[in-house]
Amino acid sequence: MSRPIPLHELGDKEYIDPANQACQGCGGAIVSRLVSKALGEGFVRAEVACCGPAFMNIRAPSIYVEVFEGAGALMTGISRGLKRIGREDVVVMGIIGDGGTVDIGFQGLSAAAERNENILWVCYDNEAYMNTGGQKSGATTLYAATTTTPIGEYSRGKLERRKNVPLLMAMQGAPYVATASVAFPEDLLGKLIHAKGIKGFRYIHVSSPCPTGWGYDPKDTIKVARGMVQSGLWPLYEVSDGILRLNYKPRELKPVREVLKMQGRFRHLNDEEIDRIQREVDTFWRRLVAKDGGEIF
Amino acid sequence: MIEVRFHGRGGQGAVTAVRILASALYLEGKYTQAIPMYGTERRGAPVVAFLRIGESRINERDLVHNPDIVVVLDPLLSRTVPVTEGLKEGGLIVMNFPKPGTEAGIGGRFMLATVDATGIALEALGRPITNTAMLGAFAKASGLVSLESLEKTLLEHWPGRLGEMNLRALRTAYERVTPPVDVSGIQAQEKRPREEIFSKDVSSWRIFKPQLDEDRCVGCRRCYIYCPEVAISMIQGKARVDYSSCKGCGICGEECPTGAISMVQEAL
Ligand SMILES: Cc1ncc(C[n+]2csc(CCOP(=O)(O)OP(=O)(O)O)c2C)c(N)n1
Ligand code: SF4
Ligand code: SF4
Ligand code: SF4
Ligand SMILES: [Mg+2]
């Protein structure tokens, strides 16, 4: 299991160049920086089409492909190539969008997990296809307004619940699976450093709020991310060799209403809709707590 | 035919402004084209949009290269983007700038009208979204469209409270915009070389900047770890901002537990 890294233990050295071309307050840019900080040297990164190229100023060899479903195949290829030349010490890491992970990229992801490829897949989750204007993805929260699930006379936002890909990966038997959030950098850094030391398929899914797509002031990126964790909308947990552990376990969750209402994409929600989200969050949390410290299957 | 180019930043509503203006002109019997420039329109990043106004059917389908009028939605944009490029001699610039046109750093055989659209937007909307204020300024400075048509289109676009707030921005800017001044005698401010535009310096993206009170900084590293631009470093236990890398998102100010960072409006 991972150990949170206190901020004062961090070295000053950066492995990413300052300033990028992402929007002000981009959560993905924070993920990118934390990944570079945790992994330091000795990794290559894979990139597919997404907002990532705007903020991945990471100083590491990189391979980019335009096809955003291709991350599984791309990372497999790099990893196998490195093995062939005897450089299995080099970590193969990809920062991949939620669309490229839970939707079109899922086939390659699931297959790579099945083969237990020696790769570290970091999904930065902004809950839509933001690079192309904010279309909904399988990771979009229920009822959220996106450009393809707008609010209108006959439409109340996204109709479906989000897919739980971290648990799917855990059920496939991946050696290490974790969720994380940009608001909890100590936890995320600890998970990345832990994952770096493991061989085989590793998956870290990071909640990365997007001011542009979610409709809130850029200054509130961390507030929104924190609110999602504190309300149970985005629980922090990890699954190591089939054992689940909750990393953030408050005595009581905050109601989901507050963090939902901070975001333009949920502004239309009525009490009934908020109640439904609250009920689902409560159920999922209860099940997670019941599994805490034990085997997931 | 009259051609207009709008310069702004993602989030300031340049594309919406062009669409509203085209609709308002259509109401007045004009032929119009509103052209958003396709690209990654990230919040804060420079964007352009175009408008054509004709008395008869417009057959052109390309982008506008030699505009008659340029509208600049952001006061700092002209430091890195060549906003007068291709502007016809004697052309009009309507710019969001809180001081007289002769102090905007723009020179050449042009006329320049200025208005403090950021100030007006903050007053009327509470947010620095300057597009509707600039439409008011455009109407007055160019005389090409009536305030009434703009008001009508605007309320159709945003019915309700949002419309009322934008209406206030529109009218205030219409009243406050300066008459166009001749800037042919002004030395144009030097543009930074082009490669610099695409590299590190993002200081012109800011509207607010973080100001640090060193005495209150306890060196907790929160701001340092949350800054999306890696613009903050820790020097001898205190936070320090590298302003050329800071986009002014405000996260550091929001997250500092001791209130050592306040966001202040960028001085011009
Ligand atoms: C096969 C394919 N279809 C469509 C595209 C266009 N495209 C580029 S990025 C993107 C969305 C990516 O969404 P996500 O993975 O969530 O990343 P984000 O943009 O949110 O960062 C799309 C549809 C593409 N590059 N390849
Ligand atoms: S659209 Fe969202 S995820 Fe993409 S760069 Fe902007 S803030 Fe970041
Ligand atoms: S968050 Fe505030 S107290 Fe902490 S290092 Fe930054 S400025 Fe100093
Ligand atoms: S406002 Fe603060 S957090 Fe935002 S880019 Fe500037 S220094 Fe970084
Ligand atoms: Mg996405």
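Please treat every number below as a calculation from the coordinates, not as lab data. Every value quoted in this text rests on a predicted model; they were computed, and no experiment measured them. Don't worry about glycine lacking a Cβ; one is built from the backbone with ideal geometry, like all the others, and counts go over all protein chains shown.
Details
- Two-site FRET efficiency, A:ASP271 against B:LYS152, from Cβ-Cβ distance with R₀ of 45 Å, rounded to 0.05: 0.80
- When you filter the chymotrypsin sites (Phe, Trp or Tyr not before Pro) in the stretch A:130-177 for DSSP loop state and at most 14 other Cβ atoms inside 10 Å of their Cβ, you are left with A:TYR154.
- Exposure proxy for B:THR172, A:THR140: other Cβ atoms within 10 Å of each Cβ, ordered fewest to most, give B:THR172, A:THR140.
- Gap separating the Cα centres of the stretch B:1-66 and the stretch A:214-246, nearest whole Å: 40 Å
- Tensor-based shape of the protein assembly as shown (alpha-carbon gyration tensor, a/c under 1.5 rounded, otherwise prolate or oblate): prolate
- Surface/4 estimate of mean projected area, convex hull on alpha-carbon atoms of the stretch B:2-182, nm²: 9.3 nm²
- Chain A: angle of helix A:185-196 to the longest principal axis, Cα-based, in degrees nearest 10: 40 degrees
- Loop-located GluC sites (Glu not before Pro) in the stretch A:8-68 (DSSP state other than H, G, I, E, B) with a sparse environment of at most 16 neighbouring Cβ atoms within 10 Å: A:GLU14, A:GLU41, A:GLU66.
- Per chain B, cysteines lacking a partner by the 4.7 Å Cβ criterion: B:CYS217, B:CYS220, B:CYS227, B:CYS246, B:CYS249, B:CYS256
- The mean sequence distance of close C-alpha pairs (under 8 Å, at least 6 residues apart), as a share of the length of chain B, puts its relative contact order at 16 percent.
- Relative contact order for chain A, counting Cα pairs under 8 Å that sit 6 or more residues apart, in percent: 18 percent
- Candidates A:LEU260, A:LEU168, A:LEU233: whichever shows maximal mean-square fluctuation once chain A is modelled as a Gaussian network with Cα springs under 10 Å: A:LEU168
- Amide proton proximity set for B:VAL71, modelled H, under 5 Å, gap of 5+: B:ARG5, B:PHE6, B:HIS7, B:VAL94
- Rounded to 5, the percent of DSSP beta bridges in the stretch A:23-291 classed as antiparallel: 30 percent
- Couplings 3J(HN,Hα) of the stretch B:229-242, computed from phi: 9, 6, 8, 10, 10, 9, 10, 6, x, 10, 6, 9, 8, 8 Hz, in residue order, whole Hz [Karplus 6.51 cos²θ - 1.76 cosθ + 1.60, θ = phi - 60°; x for Gly and Pro].
- When the trypsin sites (Lys or Arg not before Pro) in the stretch A:76-183 are filtered for DSSP coil states and for at most 15 other beta-carbon atoms within 10 Å of their beta-carbon, the remaining sites are A:ARG87, A:ARG115, A:ARG161.
- Separation between Cα centres of the stretch B:117-149 and the stretch B:78-115, rounded to whole Å: 17 Å
- Cα-based reach from A:LYS158 at 20 Å (exclusive), listing lysines while leaving out same-chain residues under 8 positions away: A:LYS136, A:LYS261
- The phi torsions of the stretch B:102-110, fed into the Karplus equation with coefficients 6.51, -1.76 and 1.60 and a -60° offset, translate into couplings of 6, 10, 7, x, 10, x, x, 7, 9 Hz, rounded to whole numbers, with Gly and Pro shown as x.
- Converting phi to 3J(HN,Hα) with the Karplus coefficients 6.51, -1.76 and 1.60 and the offset θ = phi - 60°, the stretch B:123-128 yields 5, 7, 10, x, 9, x Hz in sequence order, with x at every glycine or proline.
- Amide proton proximity set for A:GLU127, modelled H, under 5 Å, gap of 5+: A:ASP98
- Rounded to 5, percent antiparallel among DSSP beta bridges of chain B: 65 percent
- DSSP loop chymotrypsin sites (Phe, Trp or Tyr not before Pro) with at most 10 other Cβ within 10 Å excluded, longest remaining stretch of chain B: B:39-197
- Reach of B:LYS30 by Cα under 29 Å, taken over lysines that are not fewer than 8 positions away in the same chain: B:LYS88, B:LYS140, B:LYS152
- Rough spin-label spacing in nm, given labels placed 7 Å along Cα→Cβ, for B:ALA267 and B:LYS99: 1.1 nm
- Pairwise FRET efficiency - B:ARG57 versus A:ILE296, Cβ, R0 = 51 Å, nearest 0.05: 0.15
- Listed by chain and number, the lysines placed with their C-alpha closer than 17 angstrom to that of A:LYS196 are A:LYS37, A:LYS83; residues fewer than eight positions away on the same chain are left out.
- Remark: relative contact order (the stretch B:109-159) = 23 percent; criterion is Cα-Cα distance under 8 angstrom and separation of 6 or more residues.
- Residues whose placed amide H lies under 5 Å from that of A:LYS158, excluding near-sequence neighbours: A:TYR143, A:ALA144, A:ALA145, A:THR146
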